[in-house]
1. Nearest 20 debye, what's the magnitude of the dipole of chain C about its Cα centre given +1 on Lys and Arg Cβ and -1 on Asp and Glu Cβ?
2. Given a Förster distance of 45 Å, report the FRET efficiency between B:Ala128 and B:Arg74 from their Cβ-Cβ distance, rounded to the nearest 0.05.
3. Run the numbers on region B:194-232: which residues show a drop of 20 Å² or more in accessible area, chain on its own versus all protein chains together, using a 1.4 Å probe over heavy atoms?
4. What do you get for trypsin sites (Lys or Arg not before Pro) in region A:76-135 restricted to DSSP loop and a cutoff of at most 15 other Cβ within 10 Å of the site's Cβ?
5. Per residue in region A:159-198, which ones lose no less than 20 Å² of accessible surface when going from chain alone to all protein chains (1.4 Å probe)?
6. Quick check for you: which residues of region A:204-232 have the amide N under 13 Å from the point 7 Å beyond the Cα of A:Leu246 toward its beta carbon?
7. More than 23 angstrom separation, counting every C-alpha pair in region B:290-378; what % is that?
8. How high is the relative contact order of region B:290-378, given as a whole-number percent (alpha carbon pairs under 8 Å, six or more residues apart)?
Amino acid sequence: MSAETTGTPVEPGGPGPRALARRRRRASAARFWKEYRRHRAGVFGLAALVLFVLVALTAPLTVGSDVDSVTDAPGQPLESPSGRFPLGTDQFGRNLLGLLVWGSRVSLLVGLLAAALSVLIGALIGITAGHFRGWYATVMMRITDWFLVMPTLVLAIVLATVLSRSLGTVVLAIGVTTWPTTARLVRAQTLAVESRPYIERAKALGGGHWHIMSRHVLPNVMPLVLAQTTLIISSAILAEATLAFLGLGDPTVVSWGGLLQDAREAGSVSSGDWWYLVPPGIGIAVVALAFTLCGRAVEAVLNPRLGVSR
Amino acid sequence: MTGTTPTPPPGTPPRATPDASPGTPLDGTPDAPPGGMPGPGPGLPPGAGRGPSSAAESPLLSVEGLHVAFPGRRGGADARAVDGVDLDIRRGEIVALVGESGCGKTTLARSLLGLVRPVRGRVTFDGAPLAHSARALKAYRRRAQLVLQDPSGSLNPRHTVYDIVAEGLRIHGRPGDERTAVAEALSRAGLRPPERFFLRYPHELSGGQRQRVVIAGALVLRPELLVADEPVASLDASVRGEILALLLRLRTELGLAALVVTHDLGLAWNIADRVAVMYLGRIVETGAVEQVLTAPRHPYTRALLSVLPEAPGDPVVLTGEPPDPSNIPTGCRFHARCQVLADGTAERAGVADACRSREPAVLHGGGESQVACHWALAAPREVSPAGPAPR
Amino acid sequence: MSLLEVRDLTVTYPGGAAAVRGVGLTVEAGEKLGLAGESGCGKSTLALALLRLLPAGARVGGEILLDGEDVLTMKWGRVRAVRWAGASIVFQGAMHSLNAVHRVGDQIAEPILLHRGATPADARRRAGELLEQVGLPAARARAYPHELSGGQRQRVMIAMALACEPRLVVADEPTTALDVMIQAQILRLIENLVGEQDVGLMMISHDLAVLADTCDRLAVMYAGRVVEEGPAREVYDDARHPYGRALSGAFPRIGDPGSRFAPRGLPGDPPDPAAVPSGCAFHPRCPVALDVCATEDQVLRDAGPRRRAACVHVGTDATGTPDGNGSGGTASARDDGVRSRTP
């Protein structure tokens, strides 16, 4: 536009388009929340999550980091629940309630990181495979299929065994084994979006691959990715518990899966020390369920009619 | 206009339509009122920035021997969607490309914008052949724009009107004030005051407004050519006229050339200077709208006109479906459905054998009236132009 | 007694959208009524209401008398019987109205089996006959919808509608999305079938030109009301309501120098059924609106022999319908049939 015609009348005092756009975005977030609130299960899930996250975040204040110390355990081994130890003690006499709270930190952290990694890989491969047709898509989808038919757990076990034992390994093992479903979903959605006329319009305007993928495909795939993330978090938490239960987690940190494995090693299954087994199990189940509920609710709000739900 | 724009729309001022409709002079005249509001002054004639040039005679866009084919399904023969087309579009000219669905008109339009790669033939824009490298295409797509049929589909539901219109500017990194440019394009497309529309989402607009946004998004780059694929087919009848009037006005004000792809002959009558009738991948009749639509020569054009509700005489309803582009008949491609051949008129004119065996020559792209039909060429003007062969 | 008589029909959707706001129509046996209007004018809602196909929650008022029997109050069992044998609908978009996983012959035979109690063999034979009646070889009964072209699918839809020999056929945009040539084929088919079997036809379309060519009478709807009604040609050539004029002007006559480089339309957009303008719903777009139009609702009034229009300029003493819009050269009100009989 020429210099002469700059200085267009923005209504004096009126906010610029950016500011207005931000306001719009806030309004659409409010609308999203209003819709979300109508899904009761989703609200419950969200409440449970908020609770767990608060507990996990405040754990250093409430239980302290020395809760997993074996050497100065406060109680006797395998005490049943009492006023002092509401959930009893483990085989070393540690406070199980404290361990449970502390363990939630690792479980949530690993779940979130692994899900983020998984969704990142999945979205990247899904969008590119949907956008670039031809041999690239073929190769990528064959790789995806290969990962998809691979038993996830076995692959994760192999990875966790081969690599050094640490939280990073667990995250990696879960991340690289759970992405194929996301990739498939995102690719399908990308193909659907790519067939819309606005993609053709963007091409005719001169938009390149990057422009189309980032400006058009990604925003339309985002709701799906978001819903998928919450769903994957719950399976990542389960996977982390499984790996820890199988003794493949990081032995130096306490996690819910690790607690279960300790319980099994201590023979609590046969000796009836239920307090050792049940709480971490319930923790895993409730968090996984909470994420699933949230994911379903998000999906229901965002997905049914793509684009209308602004 | 910025100094960075290499070519302000030059060329012949389009046909002098008296309608000096109030609009914003997009050419950035210094006295243009800010904000793209309708100015009192008449718009500069397009091309005023450049002296008369000899290029005025050469077409803006020229297509020669264009062939586009798609691979056949399950190993079948290739579908020859566009099968040898010559077509010129001059500056400031509106050409209507008319045909039934599946005749290849949309494919032709898309190949003009480089969205489909032709098998053979070439597209020349402003004297330079269209290359299919990414860089060349991007530069080309600043000067030629596409308007699609379905305005709801061609707008990303997650973008605001502002973002949609500004998209072209952002892709091409045009300098200058984005907001001004967007406001100007919107008001030029008839959305006034533009600020009111900036932050709307497509689903908050009516169909006509959406199509105006699409047109604004195309205008913002100041193209020289607009390719519109059924621009009003999905709009309500009362809104349709307004959008067509907008296209006419843009031609008057900006010297914009346009190729309008349509199945609606009435639309061609409404806005086009020239019409090209396409059948099964080839143009079978072309010429000035008045000529072709009031005195059609090709039996196919006649049939198309005869089935219109308003048409005088008996309608010639062609039987069967449009044939398959992967299996184009030998000889004249229309002969299997041709009513002139079927009722023996062609036999009497002594061209029936030619119809079945010899392919009519490809019509060239210029403006003169031409027809690709053995019978029409053999028996020029001996039948009454109004109707088909009498029954 | 008319075959179909609609009296003061109103339909309001749960969101508050008044899709149909008091429509009265009649269709005689053997008559072809065209119902024209743009998207959102309520014409499709009206079609659905005729057979009680509206979604649950829509409030329906008025009367729909099919052979004297009110569809709106009859029992569901009776409605189901009426849906095929009394009146049937040909929907727009034939691809979506056919079930993709069943052969078309079976889909045509289904209502015959259900409503006629025919044996499967009889039903199949009848389906074959029907297909031939609509110009398809009976062997196509074994085809799946995706194997047929758009025009062929529309023929199948018509065959389905005729399966139980209904007395009234409602065709909702039967030719939209079809090419002109196929459209001409389908329109001829419908015309012939109606002519042969003496059924009533209500054809709904946005294309006034097609309706004027096919139908005997024409009703133009705007914002849930019939605003103009009369013999098809007269309404098309010389509409009394400014909307009718604008609509018919929107279809250019090829060869008419007046429409060359002069596409006609109306400024503004069709109204939102949830927020119909006050007074005459057309007044915001009306080129000849008076002050009263904004406040006073306009009802249908006589506008000549067998003609009615809902405009303040019709039927008053000031017969000189202002022709100020310049869009309808044929628009000036003829004095002949206009009686100043304001209801």
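The values are calculated or read from the model by the stated rules, or taken from the named source; none is laboratory data. Just so we're clear, the structure is a prediction, and the values are computed from it rather than from any experiment. Here the Cβ positions follow ideal geometry from the backbone for every residue, glycine too, while neighbour counts run over all protein chains shown. Surface areas here come from the heavy atoms of the whole protein model, side chains and all, with no ligands, DNA or RNA. Shrake-Rupley method; radii C 1.70, N 1.55, O 1.52, S 1.80 Å.
1. 720
2. Once the sixth-power term is evaluated, E becomes 0.70.
3. The answer is B:Glu195, B:Leu199, B:Tyr201, B:His203, B:Ser206, B:Arg222 - residues whose exposure falls by at least 20 Å² when every protein chain is included.
4. A:Arg84, A:Arg133
5. A:Arg196, A:Pro197, A:Tyr198
6. Nothing falls inside the zone, counting backbone N under 13 Å.
7. Percentage above 23 Å: 25.
8. Contact order relative to length: 27 percent.
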